[in-house]
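First comes the structure, then the notes that go with it.
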Amino acid sequence: MVNDTAEIGIFGGTGIYDSEILQNSKEITIETPYGKTSDAITVGELNGKKVAFMPRHGKKHSIPPHMINYCANIWAFKELGITRIISPSAVGSLKKEIKPGEFVLPTQFIDFTKSRRNSFSEDGRVIHISVADPFCPELQEIVSIVANNHDISLHKDCTYTCIEGPRFSTKAESRFYKSTGADIIGMTLVPECQLAREAQICYVSISTVTDYDVWADRPVSAGEVVKTLQENVSKTRGIMEIMIPSISRERNCICATSLKEAIY
């Protein structure tokens with residue numbers, strides 16, 4: 001039984017491992033039917049909101065994308081009573097006009113992952129979730145307003161290609177992903193966002209562009225990714241600090257009732 005509760009959850013991505021934006025915080029662990037979460041969860045307050053933070057790769061970035069226990073992480077947030085998830089992450093750009101250091105608000109994804117558990121469906125309970133529009137429109141609107149009001153470069157209505165990782169793409173793969181019409185490429189969005197939808201939790205991705213993927217004939221390095229992220233961490237935190245107080249407890253989006261016609 002979990003005694004602590006929170007309204008909003010944050011999954012810290014590459015470069016965002018701590019929860020220093022929270023006040024009166026404490027760490028808790030939650031046991032789940034799916035095994036261990038990526039790390040302990042920090043629960044605290046931000047401008048009157050109860051917020052929970054978990055680094056999806058672990059505090060020391062010890063868990064590669066394909067080995068993250070997405071089911072355990074989402075289940076733990078659900079157990080805390082969380083109804084909204086903000087998910088910052090690092091991505092590569094598949095478009096020349098989407099530049100390193102800029103932010104992207106994905107509205108669609110293309111899934112090229114291979115070996116991940118991507119559903120809470122199990123024997124006797126089959127979930128056919130709709131992800132025609134996989135992200136919460138209410139949260140996306142809030143991110144857009146924050147970016148517009150604070151002169152933050154944000155590319156909207158973009159498609160995220162999710163690959164298995166942890167390696168970066170070959171040139172041939174990168175050119176193929178670019179040819180699909182996708183705008184950015186990363187390794188952690190799926191199944192995180194669709195599990196959130198199955199759990200009837202609103203979800204928004206705030207993607208930081210760290211590099212042009214290798215289609216640009218320039219090899220991608222982990223060092224380059226981390227350097228760009230470190231330069232943008234304060235902006236990412238700033239977006240979250242501004243948007244969180246304006247998130248309403250009332251939900252009028254599809255996320256809140258996503259299981260209504262999804263379970264047979």
task = Could you look through the range 94-104, keep only residues that are modelled with pLDDT of 95 or more and touching an Asp or Glu at 6+ places or on another chain (Cβ under 9 Å), and pick out the one that is surrounded by the fewest Cβ atoms within 10 Å (Cβ to Cβ)?
result = Lys95
inquiry  = So if I check each of Thr228, Thr170, Thr210, which one is closer than 30 Å to Ala132 by Cβ and of a type in the set (S, T, N, Q)?
reply    = Thr210
ask   = Mind checking which residues of the range 132-155 are more than 24 Å from Glu97 (Cβ to Cβ), in contact with a Ser or Thr (Cβ under 9 Å, 6 or more places away or on another chain) and hydrophobic (A, V, I, L, M, F, W, C)?
value = Ile142
task = Taking only the range 6-35 into account, find how many residues are modelled with pLDDT under 95 and either open to solvent by less than 70 Å² (accessible area, probe 1.4 Å) or not in a strand (DSSP E or B) (or both).
result = 12
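With crowded, with 23+ Cβ neighbours inside 10 Å and either closer than 30 Å to Ala172 by Cα or modelled with pLDDT under 95 (or both) as the only criterion, which of Ser89, Ser62, Ser115 stands out?
Numbers: Ser62 fails: crowded, with 23+ Cβ neighbours inside 10 Å; Ser115 fails: crowded, with 23+ Cβ neighbours inside 10 Å.
None of the others qualify; the one that does is Ser89.
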note = With criteria (1) in contact with an Asp or Glu (Cβ under 6 Å, 6 or more places away or on another chain); (2) more than 29 Å from Lys50 (Cα to Cα), Thr107 comes up short on (2)
note = Scanning the range 170-215 for residues that are touching a residue at least 60 places away in the same chain (Cβ under 8 Å) and small (Gly, Ala, Ser) gives Ser174, Ala182, Gly186, Ala196, Ala199, Ser205, Ser207
query = What about Gly186, is it open to solvent by less than 20 Å² (accessible area, probe 1.4 Å), among the small types (Gly, Ala, Ser) and at negative phi?
reply = yes
task = Take the residues in the range 1-60 that are in contact (Cβ under 8 Å) with a residue 60 or more places away in the chain, touching a helix residue (DSSP H, G or I) at 6+ places or on another chain (Cβ under 7 Å) and among the β-branched types (Val, Ile, Thr), then tell me which one is farthest from Leu189 (Cα to Cα).
result = Val2
task = Could you please give the count of residues in the range 144-171 that are modelled with pLDDT under 95, more than 29 Å from Glu241 (Cβ to Cβ) and of a type in the set (A, V, I, L, M, F, W, C)?
result = 1
note = The helices (runs of 4 or more DSSP H) lying wholly within the range 159-264 that contain at least 2 residues that are more than 30 Å from Glu122 (Cα to Cα) are 171-179, 222-243
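How many residues are open to solvent by 80 Å² or more (accessible area, probe 1.4 Å), out of contact with any strand residue (DSSP E or B) (no Cβ under 9 Å at 6 or more places or on another chain) and at pLDDT below 95 if we restrict to the range 118-143? Quick ask: steps written out before the conclusion?
Keep residues of the range 118-143 that are open to solvent by 80 Å² or more (accessible area, probe 1.4 Å), which gives 122-125, 128, 133, 141.
Next, only the ones that are out of contact with any strand residue (DSSP E or B) (no Cβ under 9 Å at 6 or more places or on another chain) stay: 122-124, 141.
Right, trim to at pLDDT below 95 and you get 122-124.
Looking only at that region, the number is 3.
The values are calculated or read from the model by the stated rules, or taken from the named source; none is laboratory data. Just so we're clear, the structure is a prediction, and the values are computed from it rather than from any experiment. In this analysis, Cβ positions are derived from the backbone assuming ideal geometry, glycine residues included, and neighbour counts consider all displayed protein chains. In case anyone asks, the SASA skips ligands and DNA or RNA and just uses the protein heavy atoms, side chains included. Shrake-Rupley method; radii C 1.70, N 1.55, O 1.52, S 1.80 Å.
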